[in-house]
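Data block below; observations after.
The values are calculated or read from the model by the stated rules, or taken from the named source; none is laboratory data. No experiment lies behind these values; they were computed from the predicted model shown. When we count neighbours, we look across all protein chains shown, and the Cβ atoms used for this are built from the backbone with ideal geometry, even at glycine. These accessible areas exclude ligands, DNA and RNA; they are computed on the full protein's heavy atoms, side chains included. Shrake-Rupley method; radii C 1.70, N 1.55, O 1.52, S 1.80 Å.
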Amino acid sequence: MNIIELASRHCQPRKGKEHAVDAAQVSRLLQQLPGWQLRDDGTAIAKDFRFTDFHRTLGFINAVGFMANHEDHHPDLEAGYGHCRVSWSTHDVGGLSMNDFICAARVEALLAR
Ligand code: HBI
């Protein structure tokens, strides 16, 4: 599944280990997501974004937040002047689910021109 297809999908409530994405599929999906990396413990994917000022960083954070609320799937965000690190993991699965890859693709779509 490529990034366009991922970004066109919506998140679903996913609870339980049966929704966990296996390592081979994680690797295939990450190849579609430029700059996204697997956290050392294998339970999240994350990417660092850079912006020219604080306003643009806040605009990005608000856009990600709006999308996350719409998808009912929420990131961890670490941010400061000109930077924001976005991390996705599915608490209800205790690791990675398709929701995380859908939302990562949707974040990329926010920045695509
Ligand atoms: N966000 N990252 C993340 N992980 C979850 O498991 C999660 C969530 N947002 C909402 C949510 N679970 C549930 O309340 C809905 O899926 C029902």
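Worth pointing out:
- Alpha-carbon radius of gyration plus Dmax, which is the widest Cα pair, for the chain in Å: 13.4, 42
- Relative contact order computed over the chain (Cα-Cα under 8 Å; 6+ residues apart), in percent: 38
- Here the accessible area of the chain is 52 percent carbon and sulfur, with a 1.4 angstrom probe and all protein chains present.
- Using a Gaussian network model of the chain in which every pair of alpha carbons under 10 angstrom is joined by a spring, one finds that among H74, H91, H55 the greatest mean-square fluctuation is at H55.
- Net charge dipole, the chain: roughly 240 debye, given to the nearest 20, about the Cα centre with Cβ charges of +1 for Lys and Arg and -1 for Asp and Glu.
- A P(r) calculated from all alpha carbon pairs of segment 42-91, with 5 Å bins opening at zero, reads 5, 22, 29, 23, 15, 5, 1 percent.
- Taking all protein chains into account, the per residue accessible area for the chain stands at 59 Å² (1.4 Å probe).
- Square roots of five times the Cα gyration tensor eigenvalues for segment 1-63, Å: 25, 15, 13
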